[in-house]
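To start, the structure itself, in structure tokens.
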Amino acid sequence: MKKPIAGGTNGTVAVALPRPHARPSRGLRFLESERLLAVVLLAPTVVLLGTFIAYPFVSGVWLSLSNTSVGNIGHFVGLHNFSKAWDDSIFQQAFRNTFFYTFWATIFKLALGMWLALLLNRSFRGKRLVRASMLLPFIIPTVLSTFAWRWMFDPTFSVLNWLLYRTGFIVNKIPFLSDGVYGMWCAIVVNTWRGMPFFAITLLAGLQTINPDLHEAASLDGANGWQRFWRVTWPLLKPVTLVVVVFSIIQTFSDFQLIYVLTGGGPANSTHLLATYAYQVGVATGLLGEGAAISLFMLPVLFIVVWVQLRYLRRLEA
Amino acid sequence: MVIERPWKRWVYFYIPLTVFVIGTLFPFYWMLITAIRPDAELYRSWRAVNNTPFWTLNPTLEHFKDLFAKTTFPHWLWNTFFIAVISTGISLFCGLLAGYALARLKFPMAGALGTSIFVTYLVPPTLLFIPLADIIRNFQLGNTPWALILTYPTFLIPFCTWLLMGYFKTIPKELEECARIDGATRFGAMLRIIFPIAVPGILSAGIFAFTLSWNEFIYALVFLSSPERKTVPVGVVSEMIRGDIYFWGQLMAGALLGSIPVALVYSFFVEYYVTGLTGSVKG
């Protein structure tokens with residue numbers, strides 16, 4: 001039985017009751033055509049995105065094929081920038097780091113985010129407050145919170161070293177950021193800390209759509225908590241999880257600010273990601289062509305991820 | 001429901017949740033305690049006997065005073081706010097119109113256009129900052145707030161469009177049809193019937209866009225150069241570290257003050273923010 005919609009929302013519809021002077025004026029009448037209206041409505045978006053995304057993209061491809069530097073209009077050099085980067089040992093390190101960083105950070109964010117979502121899905125006192133405060137790392141500007149982490153990892157005054165020393169876990173300080181391997185893991189920890197709430201809250205929204213009867217039925221059939229998670233929750237949560245993971249991979253793979261603040265790519269260029277190395281070459285050194293080429297190395301991976309996402313969306317619509 | 005023994009509830013629920021809460025909030029607590037701790041206590045050997053790192057008995061506002069006396073922090077705060085508000089406004093405007101068109105109107109290429117807006121949503125700023133820096137220079141926009149006000153919408157509009165499009169699709173078409181039978185124009189029906197109903201969606205998109213632009217870093221770092229023009233994140237990074245020396249007290253005071261506005265906005269609109277967040281990944 002359909003509700004009479006106009007009657008149900010009296011207040012809103014009353015505005016549009018026929019009034020002689022509200023007839024479309026000559027100027028606005030052309031907007032009655034769906035096509036024309038669509039053009040008018042979409043124009044601002046298309047102009048802005050065209051000027052500041054499509055045009056820079058094309059211009060970036062051109063830059064990467066030229067030897068342009070700041071104050072120096074370059075000429076075409078073919079794939080020279082790409083092959084030069086490929087043979088550069090710092091680039092190779094940054095390339096490996098980017099995959100390593102994305103892989104582990106995503107795994108941790110997914111595992112911890114899922115765990116936190118399951119915890120938050122239960123009812124307890126103060127739930128709203130806990131949920132709201134859990135999102136803080138995601139709200140607070142990354143640069144500012146990363147500074148707090150950098151101070152916590154300080155070589156001389158690290159509170160974490162103090163804590164581990166006092167509790168008897170370590171005798172000597174851990175060189176958190178003064179060692180490349182440790183530095184990379186520290187960055188993964190901070191990235192996980194920052195991104196986990198996003199996973200938790202989105203997965204929580206997914207969890208809330210799961211009918212509790214399903215769990216009840218499963219436990220009546222003798223399934224324990226672990227089995228209920230893998231047989232009931234996980235299959236139903238897969239679509240949301242895939243989307244969240246795709247978003248997170250894109251953001252982590254192209255991450256810049258966290259590394260820039262935490263290690264600056266150091267010590268000795270051992271913790272660079274593609275984005276921070278592109279910045280160092282393209283902006284700090286001023287070699288625009290080479291920098292543009294380095295950041296374009298991100299494109300194949302991003303392309304694959306976006307393609308997976310689009311295919312998935314298509315399948316949902318079909 | 002499944003019945004639980006008390007000890008199980010502790011092991012599987014209270015303890016893990018407490019660890020999550022402490023782990024999540026500790027860096028913020030550390031920010032606060034560093035900001036109010038006098039220098040003499042900050043730089044003390046980690047093996048010192050009377051070291052009490054988790055609290056201080058001599059809180060001071062010295063670092064905050066230094067922050068205002070020695071840097072142009074208030075300018076950064078204002079710049080960040082101004083840029084975030086204007087770029088959010090532009091993005092909402094564009095996103096509303098585009099979202100409505102994609103959700104409601106039939107026109108050729110609608111599908112392709114929707115897809116390409118979605119693809120731009122997934123293009124990260126770090127892919128484009130080098131050519132964009134060049135373009136900003138050519139447009140004579142370098143070192144002005146307009147460089148950011150015009151480029152932030154590139155990652156905000158796709159998000160707003162996507163979110164609002166989803167919202168418009170949930171509003172029954174009959175509402176508009178009634179209005180049009182009653183003599184409203186297509187444009188008028190959109191403006192007076194559909195947009196007012198979409199206010200919660202607009203608010204969600206707006207809050208989320210505001211926090212995103214407050215958080216933005218790489219464009220601001222590359223496009224701005226004079227100290228008083230900078231945004232909070234860039235100012236803290238580039239103006240508060242002199243040489244190799246980190247003034248941690250001041251840095252944490254700046255980080256704290258720079259986080260408060262966005263945390264306030266968030267705390268007033270948590271529910272809208274969460275809707276925006278979860279909506280940002282749904283189709």
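The numbers here are math on the coordinates, done by the rules we state, and not lab data. Since this is a predicted model, take the numbers as computed values, not measurements. Backbone-built Cβ (ideal geometry, glycine too); neighbour counts: all protein chains shown.
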- To the nearest 0.05, what FRET efficiency results for residue B:58 and residue A:79 with a Förster distance of 56 Å applied to their C-beta separation? 0.35
- Item | Three-way shape label, the protein assembly as shown, alpha-carbon gyration tensor, a/c 1.5 | oblate
- How far apart, in nm, are the 7 Å Cα→Cβ label points at residue A:238 and residue A:39? 4.6 nm
- Expressed as a whole-number percentage, the relative contact order of region B:93-238 with C-alpha contacts under 8 angstrom and at least six residues apart is 35 percent
- Query: How big is region A:85-226 in terms of Cα radius of gyration and Dmax, in angstroms?
  - Reply: 19.7, 61
- Spin-label zone in region A:271-294 - amide nitrogen under 14 Å from a point set 7 Å from the Cα of residue A:92 along the C-beta vector: none
- Query: To one decimal place, what orientation-averaged projected area in nm² is obtained for the convex hull of the Cα set of region A:161-315?
  - Reply: 13.8 nm²
- chain B, relative contact order in percent, only Cα pairs under 8 angstrom and at least six apart counted: 30 percent
- Message: At a 10 Å Cβ-Cβ cut-off, how would you order A:140, A:210, B:33, fewest neighbours first?
- Response: A:210, B:33, A:140
- Note on the structure: Neighbour-count ranking for B:109, A:134 (other C-beta within 10 angstrom, fewest to most) reads B:109, A:134
- Can you give me the P(r) profile for chain B? Cα pairs, bins 5 angstrom wide beginning at 0, each as a whole percent. 1, 5, 10, 11, 12, 12, 12, 10, 9, 7, 5, 3, 2, 1, 0, 0, 0
- Query: For chain B, which DSSP H helices look membrane-span-like by this rule: Cα extent along the axis of 15 Å or more and mean Kyte-Doolittle of at least 1.6?
  - Reply: B:15-35
- Message: Can you list the DSSP H helices in chain A whose Cα atoms extend at least 20 Å along the helix axis and whose mean Kyte-Doolittle hydropathy is 0.5 or higher?
- Response: A:34-49, A:89-120, A:180-207, A:234-253, A:299-317
- Query: Which translational diffusion coefficient, to the nearest whole µm²/s, is obtained for region B:223-283 from the Stokes-Einstein equation, given a Kirkwood hydrodynamic radius over C-alpha pairs, 20 °C and 1.002 mPa s?
  - Reply: 153 µm²/s
- Message: Take residue B:181 and residue A:223, extend 7 Å from each Cα along the Cα→Cβ direction, and tell me the distance between the two endpoints in nm.
- Response: 4.8 nm
- Message: Please list, ordered by chain and number, the residues whose modelled amide H lies under 5 Å from the amide H of residue A:66; skip anything fewer than 5 residues away on the same chain.
- Response: A:77
- How many nm separate the modelled label positions at residue A:314 and residue B:199, each set 7 Å beyond the Cα in the direction of the Cβ? 4.1 nm
- Query: By its C-alpha gyration tensor, with a ≥ b ≥ c as the square roots of the eigenvalues, how is chain A shaped: rounded for a/c under 1.5, else prolate for a/b larger than b/c, else oblate?
  - Reply: oblate
- Among B:173, A:84, which comes first, then next, by fewest other beta-carbon atoms within 10 Å? B:173, A:84
